[in-house]
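Bear in mind that the values in this text are calculations on the coordinates, not laboratory data. Here the structure is a predicted model, which is why all the values come from computation and not from measurement. Using ideal geometry, Cβ is built from the backbone for each residue, glycine included, and neighbour counts are taken over all protein chains shown.
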């Protein structure tokens, strides 16, 4: 699992936002569109919830991308209800969509439903979250989820100067929803990056919660994260024990942790807080000094890669990395990391990047964010 190169991490921590691994091919994207046989076809997109800013962005980008090449789009949000998502997907199958693109609420809850999609000849692409225990999916489009956690761990290591000090620091982990397969990868990436310091005693987990199962946050909820952190502070830090760092699986949990620390932490220091997603409220907290870093994942690039893969599937062609070269997106093809319990899934993994106060402008450069009228905080362009 420890496959992060020093050079790549150096680029990541500098916030390099420009993809650099793919070279332009002689083919042009417009030529590919002319050969697209999926115009008029309906793509069913099932996303988890509109309660998280990240999924609203995904929905907008995906719908725009597919409609721009002539596809019809049936976009449904499941309100984080696994049974509603089953109903949504079954409805799409009954209505005869030509392709299903699914970010699962519950990684283990879709097997029988997707069996029906397979019987109907409807291809299924897992989006962002791997769907487990089914042979109905062949392709998975996401980010390098282990690297997300590794970037967080690397940031903590550098900020606490763990290689240069003999001090002992207290750290806590706040995980994501256990129903989301990605959440375990996030935790493992961060934990394994810091494990040697934990084993040596240089990092101390005061709560004793050192496994993924012990730190999960149902539904990635800000409220749940806040309540859990308040309880942790009362149980382990109310006697003046210093909390030095909190690694949060995403920005919605980081928001809850930040609020709990502001209201209930008795220490005088500022604990280093890291998250993931680049949510606007968290970016504001980075400017104001309440959160230190977020791992940014360019969902616009993810939508572009997803579109090209789905276009090829609808055209009865086989996706490959070479056919994505014209997108100029930092994406790698992986066939040996993501096993869904039935088989290894062909995965297209985009690179995440670290964002802190020093490189917020790089988010503006993506075209997804803009500065407010005072050039202080960031907002979403659309």
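Listed values, structure above:
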{"item": "Between helix 299-314 and the chain: long-axis angle, C-alpha atoms, 0 to 90°, nearest 10", "result": "30 degrees"}
{"item": "Three principal axis lengths of the range 236-382 [C-alpha, angstrom, descending]", "result": "62, 44, 20"}
{"item": "Mean Cβ neighbour count within 10 Å, used as a protection proxy, ranking 301-313, 366-378 highest first", "result": "301-313, 366-378"}
{"item": "Overall Cα dimensions of the range 145-276 - principal axes, largest extent first, Å", "result": "38, 32, 20"}
{"item": "Between 0 and 90°, nearest 10: helix 145-159 axis offset from the chain longest Cα axis", "result": "30 degrees"}
{"item": "Pair residue 374, residue 79: separation of 7 Å Cα→Cβ label points (nm)", "result": "3.7 nm"}
{"item": "Rg/Rh ratio calculated on Cα atoms of the range 202-275 (Kirkwood radius)", "result": "0.92"}
{"item": "Rounded to 5, percent antiparallel among DSSP beta bridges of the chain", "result": "25 percent"}
{"item": "Value of [θ]222 nm, deg cm²/dmol, for the chain, DSSP H segments ≥ 4, -39500 (n - 2.57) each, nearest 500", "result": "-11500 deg cm²/dmol"}
{"item": "Degrees, to the nearest 10: 222-232 long Cα axis against longest axis of the chain", "result": "30 degrees"}
{"item": "Ratio Rg/Rh, restricted to the range 337-382 and using Cα atoms, in which Rh is the Kirkwood radius", "result": "1.27"}
{"item": "Intensity falloff of the range 254-340 expressed as log10 I(q)/I(0), Debye formula with alpha-carbon point scatterers, at q = 0.23, 0.26 Å⁻¹", "result": "-1.08, -1.25"}
{"item": "Cα coordinate range in the chain, projected on the principal axes (Å, largest first)", "result": "64, 42, 41"}
{"item": "Residue exposure sequence - 220, 55 - by fewest surrounding Cβ within 10 Å", "result": "55, 220"}
{"item": "Highest average packing first - 247-256, 92-101, Cβ atoms within 10 Å", "result": "247-256, 92-101"}
{"item": "Cα-Cα pairs of the range 42-173 separated by more than 21 Å (percent)", "result": "48 percent"}
